[in-house]
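To start, the structure under review is shown below, and the notes come after it.
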Amino acid sequence: MNENHLTSLIDQMTLDEKIAQLMQLATPFYKGASNEGQITGPMASMGISEEVIRSSGSVLGASGAKEIINIQKTHLSENRLGIPLLFMSDIIHGYKTIFPVPLAIGCSWDLESAEKSAEIAAKEAAVSGVHVTFAPMVDLVRDPRWGRVMESTGEDPFLNSQFAEAFVHGFQGEKLETDHDRVAACVKHFAAYGAPEGGRDYNTVDMSERQLREYYLPAYKAALDVGCEMVMTAFNTVDGIPASGNKKLMRDLLRDEWNFDGVLISDWGAVKELIPHGVAEDTQEAAKKAITAGVDIEMMTPCYVHHLVDLVKEGQVNEALIDEAVLRILQLKQKLGLFENPYRGANEEREREIVLSDSHRQTARDLASKSCVLLRNESVLPLNADQKVALIGPFADNGDILGAWSWLGSKDDAIKLSDAFSTRIDSGQLSIAKGCDIETGSNEQIDEALRTAENADVIVLALGEHSDMSGEAGCLADIRLPEAQLNLITALKKLGKPMISVLFNGRPLDLHGVIEHTDAVLEAWYPGTEGGAAIVDLLYGDTNPSGRLTMSFPYSVGQVPVYYNNYNTGRPKDAPDAQERYVSQYLDIPNEPLFPFGFGLSYTTFSYSDITLSADTIKPGQPLSISVSVTNTGNVAGEEVVQLYIRDVAGEVVRPLKELKGFKKIMVAPGETKQVTFELTEEQLRYHHSDLSFESDPGAFVAYVGSNSKDGTARQFELIK
Ligand code: BGC
């Protein structure tokens with residue numbers, strides 16, 4: 001079907017049919033769904049007619065070839081014009097083979113593996129009938145109280161943009177029309193959902209347009225520049241207007257400035273939420289505002305189907321807006337090849353072969369081991385195969401390691417730490433106790449843990465948050481581990497044995513109570529289906545930790561938001577002329593986070609030498625090469641993430657103390673030296689000025705090369721224009 005066919009199809013549609021294409025409903029509304037008719041809660045009061053369902057355009061949350069084929073078949077037999085449904089689902093970090101949560105994937109600094117994980121997620125989803133995934137989520141995050149930081153790759157606009165591209169490539173491949181192992185991607189949540197005040201989900205976002213453009217927008221743009229098919233709006237306000245009714249964001253920026261011509265979908269219920277936000281009096285006004293501002297598909301509220309017909313008839317909404325939205329939706333259906341084959345990749349037999357296959361699990365295991373970050377190691381890791389291990393803690397024998405947004409993954413398929421240890425060492429060497437529950441504990445549990453650890457050489461503590469303590473609406477004001485777990489650590493410490501903490505959680509934590517009492521800390525995040533196996537690989541040194549933080553770990557929650565690319569202030573604490581008191585500081589805690597962006601240990605050490613610049617000036621069209629020699633000074637092979645930051649010494653507006661401009665993850669053998677070279681261009685020195693122009697300024701710059709955002713060797717250069 002070509003463009004003319006699509007236009008003539010639209011010509012044949014009634015206004016009601018067109019508007020129904022703009023409605024997205026969940027599976028219970030559809031005949032053939034496994035939960036058909038289970039319309040409860042707010043869904044029950046939506047007042048959706050049979051006619052709307054018959055003509056609707058897309059379905060949310062269906063999964064499995066059988067279900068999707070069933071729904072599509074019935075739909076096609078009832079839809080007057082035979083227009084197939086689009087099936088959209090949240091396939092965030094895996095379909096059934098669950099990869100580490102995106103924040104963990106970010107910490108791998110491994111774009112190729114990230115892309116591979118999205119490719120596998122797409123393959124499993126596509127064979128199960130899904131056409132579109134609501135991913136990648138690329139919201140920049142600085143506040144670990146916000147539960148959704150686990151869905152993002154972190155606090156840096158450059159790194160997030162690189163991952164956004166990798167994920168989109170992985171999901172979509174080169175050609176969706178013929179490659180039915182891929183799905184269309186939907187970048188979200190447009191825009192700035194990652195900056196809710198106080199870290200409380202759905203809360204107000206208010207920032208300058210300069211800040212928005214500089215930090216928050218680049219990753220969405222990067223996803224779109226590599227062809228991401230869809231965009232999802234955000235729940236929050238941006239400069240006083242909810243994103244889902246925000247014309248400036250959607251029409252002016254996304255459509256006109258960025259030329260995005262794909263489908264724009266609201267987040268769940270976000271059109272109707274214009275009412276509680278206080279910018280619409282009723283559902284009619286909400287519908288009018290959302291369609292005018294540019295939302296094509298309304299997810300899970302019925303404002304469009306209830307009111308757009310009247311709004312068009314009354315001349316309040318131009319029918320051309322509706323036609324445009326319908327055309328974009330039909331174009332996506334066409335791009336996915338649905339007019340030729342409405343079932344696309346869905347195939348029950350192949351689904352059984354592909355989903356959760358050994359090779360997918362192996363990739364998940366590799367990525368999980370690259371994503372864990374070793375935060376502390378007082379020579380207790382790697383473990384030695386002869387040691388007797390006491391594995392203690394609420395995550396010792398717990399499959400809740402998949403993290404939020406893994407609704408199709410099963411804990412029963414997950415490799416728990418207890419499983420992986422039992423495979424690695426003899427049963428006589430391993431003793432296991434829970435020690436406490438995640439949020440509560442008892443003296444009996446502690447006594448049992450003490451008895452379990454009595455004869456052990458080393459204690460491995462498996463601690464963390466249960467997976468619904470992060471994710472959507474999973475916000476916390478206190479980001480320490482629950483007290484019961486801290487008490488367990490204190491009790492076991494009395495035994496005087498080496499203790500290693502392995503942490504399962506979806507956000508940077510305040511690690512006081514853990515870090516000072518245990519000899520090693522491995523941040524495992526939610527590592528996914530193969531988590532236990534990957535962690536045991538790391539603990540025994542079969543693989544060497546190579547993850548590096550992409551979100552700062554605060555010293556305490558009082559510092560939040562704390563991030564590496566902050567401004568200097570007029571009274572920086574470390575200035576040579578700083579006064580003792582009147583500087584920018586806390587009186588009770590340091591300014592620095594406990595662990596900075598880019599930080600992570602290895603079982604080997606790396607030294608940096610010969611940092612050289614190809615010139616001491618950079619000019620437009622004349623890039624600067626910055627090279628460094630990295631030597632593995634330890635005894636085992638290891639991967640290092642070599643990081644390049646710059647500082648613009650004096651800008652037209654204040655500039656961050658450091659900005660990541662390049663990174664390379666390299667494997668270095670013991671004793672080996674590798675040279676790494678970065679090319680820095682004048683374009684990379686551009687930034688948004690006070691009038692929002694995007695340009696660079698001549699003058700002094702500093703380049704820092706090192707292993708994290710704090711430690712780096714500085715070299716000066718000058719931009720000449
Ligand atoms: C979330 C989105 C998600 C959507 C559909 C919303 O609550 O904010 O990220 O894609 O639900 O499940």
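The values are calculated or read from the model by the stated rules, or taken from the named source; none is laboratory data. Because the structure is a prediction, the values reported are computed rather than measured. Neighbour counts run over all protein chains shown; Cβ positions are idealised from the backbone, glycine included. Surface areas here come from the heavy atoms of the whole protein model, side chains and all, with no ligands, DNA or RNA. Shrake-Rupley method; radii C 1.70, N 1.55, O 1.52, S 1.80 Å.
Looking at Leu680, Leu657, Leu613, can you tell me which residue is among the hydrophobic types (A, V, I, L, M, F, W, C), open to solvent by 40 Å² or more (accessible area, probe 1.4 Å) and within 25 Å of Ser108 (Cα to Cα)?
That would be Leu657, the only listed residue that is among the hydrophobic types (A, V, I, L, M, F, W, C), open to solvent by 40 Å² or more (accessible area, probe 1.4 Å) and within 25 Å of Ser108 (Cα to Cα).
Tell me, yes or no, whether the range 342-354 has at least one residue that is closer than 30 Å to Thr14 by Cβ, touching a Leu at 6+ places or on another chain (Cβ under 8 Å) and outside the structural domain of Gly528 (by TED's automatic domain parsing).
Yes, there is a match, as at least one residue in the range 342-354 is closer than 30 Å to Thr14 by Cβ, touching a Leu at 6+ places or on another chain (Cβ under 8 Å) and outside the structural domain of Gly528 (by TED's automatic domain parsing).
Among the residues of the range 18-45, count how many are in contact with a helix residue (DSSP H, G or I) (Cβ under 9 Å, 6 or more places away or on another chain), open to solvent by less than 30 Å² (accessible area, probe 1.4 Å) and touching a residue at least 24 places away in the same chain (Cβ under 8 Å).
13
Listed residues Glu298, Glu273; which is within 16 Å of the ligand (Cβ to nearest atom), under 23 Å from Thr40 (Cβ atoms) and touching a residue at least 60 places away in the same chain (Cβ under 8 Å)?
None of the other options fit; the residue is Glu298.
Would you check which residues across the range 429-444 are outside any loop (DSSP other than H, G, I, E, B) and free of Cβ contacts under 8 Å to residues at least 40 places away in the same chain and list them?
Across the range 429-444, the qualifying residues are Asn443, Glu444.
Mind listing whichever residues of the range 484-507 are crowded, with 24+ Cβ neighbours inside 10 Å and either on the phi > 0 side of the Ramachandran plot or out of contact with any strand residue (DSSP E or B) (no Cβ under 7 Å at 6 or more places or on another chain) (or both)?
Listed by number, the residues that qualify are Leu488, Gly506, Arg507.
Which of the following residues is part of a strand (DSSP E or B) and more than 27 Å from the chain's Cα centre (by Cα): Val654, Val630, Val636?
Unique residue meeting the criteria: Val630.
Among the residues in the range 170-182, are any of a type in the set (Lys, Arg) and over 27 Å from Ile401 (Cα atoms)?
yes
In this structure, is Pro561 under 20 Å from Leu657 (Cα atoms), touching a residue at least 60 places away in the same chain (Cβ under 8 Å) and in contact with a Ser or Thr (Cβ under 7 Å, 6 or more places away or on another chain)?
For Pro561, the condition - under 20 Å from Leu657 (Cα atoms), touching a residue at least 60 places away in the same chain (Cβ under 8 Å) and in contact with a Ser or Thr (Cβ under 7 Å, 6 or more places away or on another chain) - is not met.
Report yes if Asp90 is over 23 Å from Asp413 (Cα atoms) and within 16 Å of the ligand (Cβ to nearest atom), otherwise no.
Against the criterion (over 23 Å from Asp413 (Cα atoms) and within 16 Å of the ligand (Cβ to nearest atom)), Asp90 does not qualify.
How many residues are surrounded by fewer than 22 Cβ atoms within 10 Å (Cβ to Cβ) and either modelled with pLDDT under 95 or within 16 Å of the ligand (Cβ to nearest atom) (or both) when one looks only at the range 176-189?
Summing the residues that are surrounded by fewer than 22 Cβ atoms within 10 Å (Cβ to Cβ) and either modelled with pLDDT under 95 or within 16 Å of the ligand (Cβ to nearest atom) (or both) in the range 176-189 gives 2.
Looking at Ile120, Ile68, which one is in contact with a Gly (Cβ under 6 Å, 6 or more places away or on another chain), more than 16 Å from the ligand (Cβ to nearest atom) and not assigned by TED's automatic domain parsing to the domain that holds Ile646?
Sole residue among the options that is in contact with a Gly (Cβ under 6 Å, 6 or more places away or on another chain), more than 16 Å from the ligand (Cβ to nearest atom) and not assigned by TED's automatic domain parsing to the domain that holds Ile646: Ile68.
Which residues, taken from the range 386-407, are of a type outside the set (Gly, Ala, Ser), part of a loop (DSSP other than H, G, I, E, B) and surrounded by fewer than 24 Cβ atoms within 10 Å (Cβ to Cβ)?
Asp386, Gln387, Lys388, Asp397, Asn398, Asp400, Trp407, listed by residue number.
When the range 216-270 is examined, which residues are found to be within 19 Å of Asp323 (Cα to Cα) and aliphatic (A, V, I, L, M)?
Within the range 216-270, Met230, Val231, Met250, Leu254, Val263, Leu264, Ile265 qualify.
Among the residues of the range 355-380, write down those that are of a type outside the set (A, V, I, L, M), open to solvent by less than 20 Å² (accessible area, probe 1.4 Å) and under 18 Å from the mean Cα position of the chain (by Cα).
Those that are of a type outside the set (A, V, I, L, M), open to solvent by less than 20 Å² (accessible area, probe 1.4 Å) and under 18 Å from the mean Cα position of the chain (by Cα): Ser369, Ser371, Cys372.
Which one of these is surrounded by 24 or more Cβ atoms within 10 Å (Cβ to Cβ) and in contact with an Asp or Glu (Cβ under 9 Å, 6 or more places away or on another chain): Tyr555, Tyr526?
Tyr526
Is there any pair linking a residue in the range 131-157 that is at positive phi and away from the ligand (no atom under 15 Å from the Cβ) to one that is small (Gly, Ala, Ser) and part of a helix (DSSP H, G or I), with Cβ under 9 Å and at least six apart or on different chains, and which?
Partner pairs satisfying both residue conditions: Gly154/Gly106.
Restricting to the range 64-108, name every residue that is among the small types (Gly, Ala, Ser), open to solvent by 10 Å² or more (accessible area, probe 1.4 Å) and within 28 Å of Ser369 (Cβ to Cβ).
Hits for the range 64-108: nothing passes.
With the condition kept exactly as written, say whether any residue in the range 151-173 is surrounded by fewer than 24 Cβ atoms within 10 Å (Cβ to Cβ) and assigned to a loop (DSSP other than H, G, I, E, B).
Checking the range 151-173: at least one residue is surrounded by fewer than 24 Cβ atoms within 10 Å (Cβ to Cβ) and assigned to a loop (DSSP other than H, G, I, E, B).
Condition first: within 24 Å of Arg328 (Cβ to Cβ) and of a type in the set (D, E, K, R). Now tell me which residues in the range 79-106 satisfy that.
Arg80, Asp90
Can you go through Gly129, Gly170, Gly147 and tell me which one is under 30 Å from Glu640 (Cβ atoms) and modelled with pLDDT of 95 or more?
Gly170
Checking the condition open to solvent by less than 50 Å² (accessible area, probe 1.4 Å) and not aromatic (Phe, Trp, Tyr), which residue from Pro590, Pro576 passes?
Answer to the selection: Pro590.
Hey, any hits in the range 37-56 for a residue that's assigned to a loop (DSSP other than H, G, I, E, B), over 19 Å from Ile297 (Cα atoms) and touching an Asp or Glu at 6+ places or on another chain (Cβ under 6 Å)?
no
It is to be established whether one or more residues within the range 107-117 are within 16 Å of the ligand (Cβ to nearest atom) and out of contact with any Leu (no Cβ under 8 Å at 6 or more places or on another chain).
no
Among what's in the range 201-247 and is more than 14 Å from the ligand (Cβ to nearest atom) and of a type in the set (Asp, Glu), pick the residue that is nearest to Ala477 (Cα to Cα).
Step by step, filter the range 201-247, then rank; the result is Asp206.
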